[in-house]
1. Could you order peptides 68-74, 242-248, 95-101 by the average number of other Cβ atoms within 10 Å of their residues, highest first?
2. Just reorder Glu175, Glu154 by solvent-accessible area, largest first, 1.4 Å probe, all chains present.
3. What residues from region 234-272 fall in the zone where the backbone N is under 17 Å from a label point 7 Å along the Cα-to-C-beta line of Asn49?
4. Quick one: of the DSSP bridges fully inside the chain, what percent are antiparallel, nearest 5?
5. What does the highest-first list of 82-91, 326-335 look like by mean Cβ count within 10 Å?
6. Which percent of the accessible area of the chain is formed by carbon and sulfur heavy atoms (probe 1.4 angstrom)?
7. Rg and Dmax of region 101-167, using alpha carbons, in Å: what are they?
8. For a Förster distance of 25 Å, can you work out the FRET efficiency between the beta-carbons of Gln338 and Thr2, rounded to the nearest 0.05?
Amino acid sequence: MTVEELKIRQLTNQHLISPADKLTVVRDLCGVQAQFFPNAMHSLKIRCNDYNEQTVADGLVKNWTVRGTVHVFAESDLPLFIRCDNGESYRKNEWGGCTFWNQRGKWSLTPERQKELSDIIIAAVSERAYTRDELKELCRAHGMTLLEEESMFEPWGGGIRELCERGFMNYAVQEKKAYIASPEFKPIPEEEANLEIARRFFTNIAPATVHDAMYYTGAKQAEVKNWLTQLPVESFDCGGKTYYYIPNGKTYDKEIPPCIFLAGFDQLMLGYQKQESIYLPKEYLRGIFNLSGIVMPSVLLNGKVVGKWKKKNSTLTFTFFETVSPEEKTIINDKAEQLWSDLKKIVSE
């Protein structure tokens, strides 16, 4: 198989050649990464044939999932991603044991106090969506100290994250950070859940190498190889590497699109080991994956990253990593105008 044929398979499976309905897309891709909400929405916009800004949140939730990062995903997949210690801690508001957070040096909540503050938060979000600041004010009104606040609302998660990971609540699917009560569900055991995620990966993100699967899931090599023994995978060689996939009945008879505006933290960049990406030349790696851990929105021209983009209000700015011909710029600009009806100005840096 040639590299171009491999790209066509991956782009098709990721719905970048053949769009699908929103719920199919988020289930196939195990959600879309959403530290920055507009990135998640753009990831869906370029893949969905039913994208609607007014209804996009319907049937979706936001929470910590794959690789311990925040994703927007199907509400029906809550049991898959929110494991709650194999169900043992599901909606359990008891904090006497050791957790990742209370073992940190600056943790200032006693188990009793964490339970009290958690009860306040759980009761609040059961009534309506609460922003992070609103929850802070509510807890302060119940005597939460500054040190307690630094633990409960720790920037990387803290007690708030623990409530999400125990099935009490989710983020609201919107740009402004807010929390809502989670519907009830029955968590899936971790081993079963990991195998299902691997099944989706090798069906809808693959063809992929073992290193790709390790990169995407955060699993060790032995675990990935164990999944391969349990899944109905097939394989082929390309460029000196072995690629695995699960046949999904799709046809791969369409060409690579001339231009794709990938989102920041797009699954096409995160689905495969970045050092071995067939889309991103190594010399452009730091232009997309910066040293702060941000994955920039990229411009894919004929299946190759040639630059990055940024849209602010009605202005679109490109930073190209190589010379782009006038004809290619026309292709890129035409695609931009198709994507954004409010576009008034296009700038190249």
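1. 68-74, 242-248, 95-101
2. Glu175, Glu154
3. Answer for region 234-272: 249-255, 257.
4. Details: 33 of 38 bridges.
Roughly 85 percent of the DSSP beta bridges within the chain come out antiparallel.
5. Working: 82-91: 17.2, 326-335: 14.1.
Packing proxy ranking, top to bottom: 82-91, 326-335.
6. Carbon-and-sulfur percentage of accessible area, whole number: 49.
7. Expressed in Å, the Cα Rg and Dmax of region 101-167 come to 11.0, 34.
8. 0.30
The values are calculated or read from the model by the stated rules, or taken from the named source; none is laboratory data. As the structure is a computational prediction, the values presented were derived from the model and not from experiment. When we count neighbours, we look across all protein chains shown, and the Cβ atoms used for this are built from the backbone with ideal geometry, even at glycine. Side chains included, ligands, DNA and RNA excluded: accessible areas come from the protein's heavy atoms. Shrake-Rupley method; radii C 1.70, N 1.55, O 1.52, S 1.80 Å.
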